[in-house]
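Some notes on the structure that comes next.
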Amino acid sequence: MDSRGQEAGAAIRAVFDRCMAEGLAPDSVEGATDEQVEAYAVAQGVTTVPAAVREVLRLIGVRHGLWQVGSALGADAVGGDAKRYAQAALVPGDGAVLRDPAGLLVLVAHQAYAFHVVDGADLGMPDPPVWLVTEGEPARPAWRSVTHWFDSISPDVGAYRTRLEVLAETGGWMPPWTRYLRPVDPGRAS
């Protein structure tokens with residue numbers, strides 16, 4: 001891997017480490033193996049996975065916890081069907097915007113109508129832009145890089161922890177997402 005690929009991987013790890021430091025439970029996520037990442041690429045018919053995407057998958061590619069709850073994300077969750085659905089969601093004329101829609105790589109699929117994708121023409125970049133493809137709307141570059149995308153979809157751990165504290169104080173029902181957070185140390189404020 002070249003230095004730009006290493007930098008992209010380090011930037012992704014920094015976002016991940018920040019979320020862990022803020023209180024995500026380490027066992028709430030599971031990374032993909034290199035073999036699983038390769039299978040993800042094969043399922044989508046691509047030969048290259050950008051370094052930043054590869055690092056995301058190595059960190060949360062099997063179980064993504066609070067990242068994109070309710071959406072398919074990861075090496076085993078996003079495959080050839082997601083790619084076909086994303087391509088079908090492209091509106092006429094998107095071929096002029098996306099330079100290689102046939103070679104795109106789907107990162108996230110949300111209920112077969114919204115997708116976060118990397119343009120096939122950008123797969124050789126270590127940290128390429130990420131596009132939003134939504135059924136019935138023109139594709140648009142929504143994030144300037146995979147690192148920016150990963151940071152923007154990262155869970156707001158502080159907000160989750162604050163909500164959890166309020167629920168605990170009021171004796172409210174504890175939602176299922178609480179399992180994704182480390183317990184709060186009663187001896188220190190969050």
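The values are calculated or read from the model by the stated rules, or taken from the named source; none is laboratory data. If you're wondering where the values come from, they're calculated on a predicted model, not measured in any experiment. So basically every Cβ, Gly included, is an ideal-geometry build from the backbone, and we count neighbours across all protein chains shown. Side chains are part of the model used for accessible areas, which takes the heavy atoms of the whole protein and leaves out ligands, DNA and RNA. Shrake-Rupley method; radii C 1.70, N 1.55, O 1.52, S 1.80 Å.
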Mean Cα-pair separation over length for the stretch 103-158, i.e. relative contact order, pairs under 8 Å, 6 or more apart, % = 24
Once both axes come from the Cα atoms, what is the angle between helix 80-89 and the longest principal axis of the chain, in degrees from 0 to 90, rounded to 10?
-> 70
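Counting pairs of alpha carbon atoms under 8 Å apart in space and at least six apart in sequence, what relative contact order in percent does the stretch 78-132 give? Each step should come with its number before you reach the end.
On the way: 78 pairs, mean separation 17.1, N = 55.
About 31 percent, as a whole number.
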To the nearest 10 degrees, how steep is helix 34-43 against the longest Cα principal axis of the chain, on a 0 to 90 scale?
-> 50
Where the centre of each part is set by its Cα atoms, how far does the stretch 1-19 sit from the stretch 52-71, in angstrom?
-> 14
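What 222 nm value per residue comes from the helices of the chain, counting each DSSP H run with n ≥ 4 as -39,500 (n - 2.57) and dividing by all residues, nearest 500 deg cm²/dmol?
Details: 7 runs with 76 residues, N = 190.
Calculated mean residue ellipticity at 222 nm is -12000 deg cm²/dmol.
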Carbon plus sulfur, as percent of the 1.4 Å-probe accessible area of the chain, comes to 53
Over the chain, one equal point on each Cα, no solvent: what is log10 I(q)/I(0) by the Debye formula at q = 0.15, 0.20 Å⁻¹?
-> -0.87, -1.34
With a probe of 1.4 Å, find how much accessible area the stretch 84-190 has per residue, and write the answer as a whole number in Å².
-> 53
Which angle between 0 and 90 degrees, to the nearest 10, do you get for helix 157-170 versus the longest principal axis of the chain when only C-alpha atoms count?
-> 40
Could you grab the relative contact order for the chain? Cα pairs under 8 Å, six or more apart, rounded to a whole percent.
-> 23
Burial order of peptide ranges 72-82, 168-178, 14-24, 58-68 (average beta-carbon count within 10 Å, highest first) | 58-68, 72-82, 14-24, 168-178
